[in-house]
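A.B. asks: Below is a structure I'd like to ask you about.
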Amino acid sequence: MKCRARTLAPWSFAVAVFLAGCGSGAGPADYGQSCSATSPCSGGLMCFAAIPPNGYCTSDCASAACGSGSVCDTSLGGSFCLRECDTQSDCRGEHQCFGGICRPPCSVDSNCGAGTCGPDQRCTGPECTTSADCPGGYACQAGRCVEAAVDASGDFDGGAVLGDGAPCAASSQCVSGFCLPGDRGGVCTIACVDEDTCFDASFSSSCGTAAVNGAVGTYCLPYREGAQGPAGTCSGDTDCQSSTCVDGQCARVCNGPEDCVLGQLCTSIVWSGSSFSGCGYAPAGGTEVRTIDLGDFSIRAGTGTPQIVFATPPSAISVTLRARQTGGDTLPLSFYEVEDAASDMIFSLSDISSYVDPTIRWLPLDSEGAIAMLIPNTTIDRYAFHPGRMRVSTLAYSRMSGDTGSVDVHVDALVTLAPSGTTSGTLAVRLHLVGVGVTAAAAPTNTRVQAFVTRFSDIIGQTGISIGAVTYVDIAAPALSIIDTADGPDSELAQLFRMSTGTEENVLNLFLVQQVLGGGDGFNTLGIAGGIPGPPRMHGTGHSGVVIAFDPSVVGSGSGGGRLAGHVAAHEVSHFLGLFHVTERVRPCGPGEIPSATVTCAPFGGGDVLSDTTRGDTSNLMNWSIVGSGSNTAMSNGQGFVELRNPLSH
């Protein structure tokens, strides 16, 4: 509440005052409290016992200004400070907030200004009908007495008198010369260049656009309760705090890049045919991938990063979140919470911990060193991606009770843009040969290797992704030609994937080894992906690739063996691009069942998150195992939808 001075309507009861000092030490909460001769006022106020019921704590304002939270009233036979209010909750229950003051029960209409005293002794109707009904320094607007400017003599001169926030019908009524149209609040305002300008305004406001005096400009607008903030999703201006919706996102006025969220620029934005300086994005031509640096953090075991806010352009079709260890102790990493531009919580680690399948499925498994999350990784019936403002936080798990370790983490987001949508992509492959009897020089003409590449390309091609450049690299690491361990940051699998250091950014690392013995869980392992999804465009980590068994004793000799290995590669690469199994190896968990040492079941229905796949479909590539000699090659449109949203595909 603001401190202001005004005159109230006359009241019809006798004056009886118990003096208790002056009001110099009083605060807003002291005015208007009940009192009596035996129950004095706090804050140095005096008790006006004649105001029913139960008295009124006040002070004399004839010679001193009223304290904060009160206004001066001269209708009671003297000058007294009465409690100011905005809503009824600011007043005692037996008083009424009317005309901005906590009033006792009325007895005649004159107690209510231009209003009426009802049979319940409460004022109704307007405070005023003309400015003559209001005290000096106030003008009547829309039935309310509002603070107004005065001329040099201190008198109301009837000209441009209305202050900021006062209801107005024309700009000529406003001291600032700006009256907002009705759809923008219909009040006097000031021009703004950023939110800081409006922070100092005399009414609760946000900097936004409006057509005032025949031209579009940026002004302080009344705050819209519950509306979306900068880069939130919108279908119209009323959805935004700034009252400015541009290309489906709430636009924010800016004076420099520091006014915008990560991922945005302070640039020229067009609204209603005119431009203003607002938070937007660099133009997008064709399909491209942009990186937004979200920061570096040091996280103690058992704690996480602050909530990180960033924004993506209207042409974005996906976001891939990445977190990578850059120093410190090797702690398991996890995403904690992810909120999208529509303010929906699309991932929460607490859901996973409670075996509740979140909108975006992601599992914190074997997560030391690097993690990635693809959004969306499902079809639009389950989740429709919203470009714009997003929030993400990550955490580090404790390795044991009382863990005092900490890890340094870099977090970023890869944003895939496709202004015209996308139905095709290209995947570049770097094929690492690890003790499989074929050198990088011989691989381009080796029948078995080329059978592998062709089969892999044909299956993945169903999604619209073509295999682009394939380069070959010799890996001189005989000890890693047979992968004996696959779990943890020190496993042979992690050691192998870390050998991808130095490859160009946008390429998939495929490793051909003799055998994969680790991670089999009693079954013959033919391949392992570095994650679901793996960290795209990130090399040299323990998750940076896909490994495939290539020895004739495992997949068969000649071109037939190469084709079977290519089938396995298509399956594992699809994991790396973000696909889960259509059917898991074990049965789905029943109602209330939780997997444990004694309960063997698959949570979340034992299948993926796509609407156009069916659990138990043994014809689909993403069945948990190869069917026959590799007949399960089918892929659905939904599976292609996900893979085309991975930044590796572009």
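A.B. asks: So which residues in the range 250-273 are touching a residue at least 60 places away in the same chain (Cβ under 8 Å) and over 20 Å from GLY229 (Cβ atoms)?
C.D. replies: Hit for the range 250-273 is SER272, nothing else.
A.B. asks: May I ask you to verify whether GLY578 is open to solvent by less than 10 Å² (accessible area, probe 1.4 Å), under 30 Å from THR503 (Cβ atoms) and touching a Lys or Arg at 6+ places or on another chain (Cβ under 9 Å)? Break it down stepwise before answering.
C.D. replies: Working: open to solvent by less than 10 Å² (accessible area, probe 1.4 Å): yes; under 30 Å from THR503 (Cβ atoms): yes; touching a Lys or Arg at 6+ places or on another chain (Cβ under 9 Å): yes.
For GLY578, the condition - open to solvent by less than 10 Å² (accessible area, probe 1.4 Å), under 30 Å from THR503 (Cβ atoms) and touching a Lys or Arg at 6+ places or on another chain (Cβ under 9 Å) - is met.
A.B. asks: Could you please give the count of residues in the range 386-410 that are modelled with pLDDT under 95 and closer than 30 Å to SER315 by Cα?
C.D. replies: Of the residues in that region, 1 qualify.
A.B. asks: Can you tell which of ARG290, ARG224 is charged (D, E, K, R) and assigned to a loop (DSSP other than H, G, I, E, B)? Let's see the steps before the verdict.
C.D. replies: Working: ARG290 fails: assigned to a loop (DSSP other than H, G, I, E, B).
Being charged (D, E, K, R) and assigned to a loop (DSSP other than H, G, I, E, B) holds for just one of ARG290, ARG224, which is ARG224.
A.B. asks: On to the next question. Does the range 494-514 contain at least one residue that is among the acidic types (Asp, Glu) and either surrounded by 17 or more Cβ atoms within 10 Å (Cβ to Cβ) or in a strand (DSSP E or B) (or both)? Steps first, answer last, please.
C.D. replies: Taking the range 494-514 and keeping what is among the acidic types (Asp, Glu), we get 504-505.
Among the residues that remain, those that are also either surrounded by 17 or more Cβ atoms within 10 Å (Cβ to Cβ) or in a strand (DSSP E or B) (or both) are: none.
Checked the range 494-514: no residue is among the acidic types (Asp, Glu) and either surrounded by 17 or more Cβ atoms within 10 Å (Cβ to Cβ) or in a strand (DSSP E or B) (or both).
A.B. asks: Further, regarding this structure: Look at the range 372-392 and say how many of its residues are open to solvent by 10 Å² or more (accessible area, probe 1.4 Å) and not in a loop (DSSP other than H, G, I, E, B).
C.D. replies: Total satisfying the criteria: 2.
A.B. asks: Also, I was wondering about something else. Criterion first (hydroxyl-bearing (Ser, Thr, Tyr), over 17 Å from THR471 (Cα atoms), open to solvent by 10 Å² or more (accessible area, probe 1.4 Å) and touching a helix residue (DSSP H, G or I) at 6+ places or on another chain (Cβ under 8 Å)) does SER553 satisfy it? Show your work before the answer.
C.D. replies: Values: hydroxyl-bearing (Ser, Thr, Tyr): yes; over 17 Å from THR471 (Cα atoms): yes; open to solvent by 10 Å² or more (accessible area, probe 1.4 Å): yes; touching a helix residue (DSSP H, G or I) at 6+ places or on another chain (Cβ under 8 Å): no.
In short, no.
A.B. asks: Among the residues of the range 625-645, count how many are part of a loop (DSSP other than H, G, I, E, B) and either out of contact with any strand residue (DSSP E or B) (no Cβ under 6 Å at 6 or more places or on another chain) or basic (Lys, Arg) (or both). Steps first, answer last, please.
C.D. replies: Let us first name the residues in the range 625-645 that are part of a loop (DSSP other than H, G, I, E, B), namely 625-633, 635-636, 644-645.
Filter once more, keeping what is either out of contact with any strand residue (DSSP E or B) (no Cβ under 6 Å at 6 or more places or on another chain) or basic (Lys, Arg) (or both): 625-631, 633, 635-636, 645.
The number of residues fulfilling the criteria is 11.
A.B. asks: A further question on this structure: Could you pull out the residue among ALA477, ALA469, ALA442 that is open to solvent by less than 50 Å² (accessible area, probe 1.4 Å) and in contact (Cβ under 8 Å) with a residue 12 or more places away in the chain? Don't jump to the end; show me each part of the working.
C.D. replies: Numbers: ALA469 fails: open to solvent by less than 50 Å² (accessible area, probe 1.4 Å); ALA442 fails: in contact (Cβ under 8 Å) with a residue 12 or more places away in the chain.
One residue alone meets the criteria, ALA477.
A.B. asks: Can you list residue pairs whose Cβ atoms sit under 9 Å apart, with the first residue in the range 599-622 being within 18 Å of ASP357 (Cα to Cα) and part of a helix (DSSP H, G or I) and the second being open to solvent by less than 50 Å² (accessible area, probe 1.4 Å) and β-branched (Val, Ile, Thr)? Count only pairs 6 or more apart in sequence or on different chains.
C.D. replies: Between residues of the range 599-622 that are within 18 Å of ASP357 (Cα to Cα) and part of a helix (DSSP H, G or I) and residues that are open to solvent by less than 50 Å² (accessible area, probe 1.4 Å) and β-branched (Val, Ile, Thr), the close pairs are GLY606/THR583; GLY606/VAL586.
A.B. asks: Within the range 320-370, how many residues turn out to be open to solvent by less than 30 Å² (accessible area, probe 1.4 Å), in contact with a His (Cβ under 8 Å, 6 or more places away or on another chain) and outside any loop (DSSP other than H, G, I, E, B)?
C.D. replies: Residues that pass the stated criteria total 2.
A.B. asks: I've got another one for you. Taking the condition of being in a helix (DSSP H, G or I) and of a type outside the set (Val, Ile, Thr), how many residues in the range 174-215 meet it? Can you show your working first?
C.D. replies: From the range 174-215, those in a helix (DSSP H, G or I) are 182-184, 195-199; that's our starting set.
From what's left, of a type outside the set (Val, Ile, Thr): 182-184, 195-196, 198-199.
The number of residues fulfilling the criteria is 7.
A.B. asks: Does THR426 satisfy the condition of being surrounded by fewer than 19 Cβ atoms within 10 Å (Cβ to Cβ) and not in a loop (DSSP other than H, G, I, E, B)? Write out each step before concluding.
C.D. replies: Details: surrounded by fewer than 19 Cβ atoms within 10 Å (Cβ to Cβ): yes; not in a loop (DSSP other than H, G, I, E, B): yes.
Answer is yes for this residue.
A.B. asks: Is it the case that some residue within the range 603-615 is crowded, with 22+ Cβ neighbours inside 10 Å and touching a His at 6+ places or on another chain (Cβ under 7 Å)? Let's see the steps before the verdict.
C.D. replies: Within the range 603-615, the first condition is being crowded, with 22+ Cβ neighbours inside 10 Å, and the residues that meet it are 608-610, 613.
If we keep only those that are touching a His at 6+ places or on another chain (Cβ under 7 Å) too, we end up with 608.
The answer is yes, given that some residue of the range 603-615 is crowded, with 22+ Cβ neighbours inside 10 Å and touching a His at 6+ places or on another chain (Cβ under 7 Å).
The values are calculated or read from the model by the stated rules, or taken from the named source; none is laboratory data. These numbers were taken from a predicted model, which means no experiment stands behind them. Here Cβ is always computed from backbone atoms with ideal geometry, including for glycine, and neighbour counts include all displayed protein chains. Surface areas here come from the heavy atoms of the whole protein model, side chains and all, with no ligands, DNA or RNA. Shrake-Rupley method; radii C 1.70, N 1.55, O 1.52, S 1.80 Å.
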